[in-house]
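Written below as structure tokens is the structure these notes are about.
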Amino acid sequence: MVVLGASVISKSGKALVLRNYVEMTRIRIEGLLAAFPKLVGSGKQHTYVETENVRYVYQPMEALYLLLVTNKQSNILEDLETLRLISKIVPEYCPALDEESVSHKAFELIFAFDEIISYQGHREPVTLGQVKQFTDMDSHEEKLHNMIMQSKIAETKDIMKRKANEIDKTKIDKQKIEAGPRGYVPGGLTGISAQSNLGGGMGMGSGGFGETNNGSAFGSIASNYGASAPDEKARVAAAPPKGKGMKLGGSSTKNQLLESLKAEGELIVEEPAAYGTAAAAGGPKAGPPVPTDPISIMIEEKLSVVLRKDGGMENLEVQGTMALLVGKDEDAYIRVVLESGENRGFQFKTHPNIDKALHQKQNALGLKDASKPFPSGNQPLGILKWRMQSKNEEMVPLSINCWPSVTGNESQVNIEYESQAEFDLKNVLISIPLPALRDAPQVNQIDGEWRYDPRRSVLEWQIVLIDDTNRSGSLEFAVPATDPQSFFPIDVKFAADKTFCDVKIKQVIKASSGEAVKFGGKTQLVVDSYQVL
């Protein structure tokens, strides 16, 4: 006996759970499942159907079918025994026996199927109890480990609570000290008592020794209470005058406000503090981050494409820019040497101050007056632009085919993408407009991820990366029956690290000596407009 596949399908042939045990193409297995409902007649008592190549062994389960697809040489008695065992497994995981519960427990059912049928499609000698035992994987060691972990977590939470209570108590005690009697020291206090009162007495800067100037109060304390310990006197002498410190009382509230704004994601630029900072001491202020490379060159292309929904391309346009950013004046006496390919169909245009003859003869970009520097600063300067238009479909990096069709009270939509680009496409986002819907569309199959935006009534198909492993993919979804034109125009966005124009920075040299200069940069392709109309 060889079981080609075990599945749970709906009455219409939609596969809810499918496990293949023999290598088959997706198209073939989907075709076999789609043909099954047409072969099952009403009122028939037998539980198998044979075709020219395969045998369907099935069992109705309320609104579903439990289906085994086997070859015609298999033993029908063993097939029925396998079907009977699987039919006992499915209700264990899905008591409701509807599409939602089966889809929710799909992986558990697949694991149970694998315990009954081996990878080659042969029946395993197991019972229902053994299958449940194997899939549950109940382990005493795991339970003990989980109990120990929960105990450690609870202990850690208790320690955190105690620490938090200690911190709160410390803050309350500090507030009580600061709120105590200020500016007056009774004559009968001992040195230690006066010292403890000093922490709160100097804070207001009013009355008693708090009003003395130039720290004279510290001298009076030291003379009046000479019996206090030397370390106590040193601590008092080193303490900053709190008469001035209280003026910064609003700083605490301000800092709390800044911290709360930062926590909410606001960008806060703090001014240097009045005391103890480099700015207060006349030091330099913090400026914007300095680029790591003295020279940066950015190459960017913007792509605009218009595709027709019935196939073909209306237009493809590429606009590129090369921008130069020089940090310092002394690094601005340079030339940019390019390395270019054939670039058929591209039209290039240099900045008016660029030496055109130098560009045409030596493929380098430099100023007409070599004794002058390029502008420096934090604003890039465009030194070269190019443009290309084409109607050649082979240049389209990503083609989109959309096939909407109305079936009964539903519109079935199949969308395919195919990439012919020689480079990888990143962060691909295909936005399909939908008619106004009450619920999200029913996505039956997708290569990638999807998200429904109810505010704009748009289905967003997301593919993180398109490379040589997934140059093509598809999406299938259904919505209530509507006009096929409702799914257009389709909008596409993506980015790439390579441009259509074959132009690279070979090196950057000094204009006077030809010595190579260190430089950095970035090359990227972005979509300006990409639609299927």
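The values are calculated or read from the model by the stated rules, or taken from the named source; none is laboratory data. Note that the structure is predicted; figures quoted are calculated from it, not measured. Quick reminder, even Gly has a Cβ in these numbers, built from the backbone with ideal geometry, and neighbours come from all protein chains shown. Remember, those area values only see protein heavy atoms, side chains included, never the ligands or the DNA or RNA. Shrake-Rupley method; radii C 1.70, N 1.55, O 1.52, S 1.80 Å.
Net charge near G366, counting Lys/Arg +1 and Asp/Glu -1 over other residues with Cβ under 15 Å of its Cβ? Local net charge: +3. Against the criterion of solvent-accessible heavy-atom surface with a 1.4 angstrom probe, S12, S340, S431 sort, most first, into S12, S340, S431. Considering only Y48, G129, C94, and ranking their Cα positions along the charge dipole of the stretch 3-136 that arises from unit charges at the beta-carbon of Lys, Arg, Asp and Glu, the one farthest toward the positive end is Y48.
Grab the Cα-Cα distance for R438 and E418, subtract it from 0.36 nm times how many residues apart they are, and report the gain in nm with one decimal.
Contour length minus Cα-Cα distance gives 4.1 nm.
Largest to smallest in accessible area, the residues Y119, Y530 fall in the order Y119, Y530 (1.4 Å probe, all protein chains included). Computed with a 1.4 Å probe over protein heavy atoms only, the accessible area of R335 comes to about 70 Å².
Computed with every protein chain present, the accessible area of W386 is close to 10 Å² [probe 1.4 Å]. Between E81 and K426, full extension at 0.36 nm per residue minus the direct alpha carbon distance yields a gain of 119.2 nm. Taking Lys and Arg as +1 and Asp and Glu as -1, the other residues whose beta-carbon sits under 14 Å from that of L64 total -1. Across the alpha-carbon atoms of the stretch 3-136, the computed radius of gyration and Dmax are 13.8, 40 angstrom. About its Cα centre, the stretch 3-136 has a charge dipole of approximately 380 debye under the convention of +1 per Lys or Arg Cβ and -1 per Asp or Glu Cβ, with nothing else charged. For the stretch 426-533, with the dipole built from +1 on Lys and Arg beta-carbon atoms and -1 on Asp and Glu ones, taken about the Cα centre, which of T482, I432, L465 lies farthest toward the positive end? It is L465. By definition, a body whose alpha carbon gyration tensor gives a ≥ b ≥ c is prolate when a/c is 1.5 or more and a/b is larger than b/c, and the stretch 404-533 fits this prolate description. Across the stretch 3-136, Cα pairs under 8 Å and at least six residues apart give a relative contact order of 27 percent. In this structure K72 has an accessible area near 80 Å², from a 1.4 Å probe over the protein heavy atoms. Treating r as the C-beta distance of K391 and K171 and R0 as 60 Å, the FRET efficiency rounds to 0.25. For K161 and Y119, a Förster radius of 41 Å and the Cβ-Cβ distance give a FRET efficiency of 0.20, rounded to the nearest 0.05.
Between A495 and S12, what FRET efficiency comes out of the Förster formula 1/(1 + (r/R0)^6) with R0 = 35 Å and r the beta carbon distance, rounded to 0.05?
Details: r = 40 Å, r/R0 = 1.15.
E between S12 and A495, to the nearest 0.05, is 0.30.
With a 1.4 Å probe and all protein chains kept in place, how do K169, K88 rank by accessible area, largest first? Working shown, then result.
Values: K169 130, K88 105 Å².
Most to least solvent-accessible, the answer reads K169, K88.
For the stretch 433-516, the list of GluC sites (Glu not before Pro) that fall in a loop by DSSP and count at most 12 other C-beta atoms within 10 angstrom reads E515.
Per residue, how large is the accessible surface of the stretch 3-136? Use a 1.4 angstrom probe and give square angstrom. Present the calculation step by step, with values, prior to reporting the outcome.
Working: 7210 Å² over 134 residues.
The answer is 54 Å² per residue.
Near A478, once Lys and Arg are set to +1 and Asp and Glu to -1 for all other residues with Cβ below 13 Å from its Cβ, the sum equals -2.
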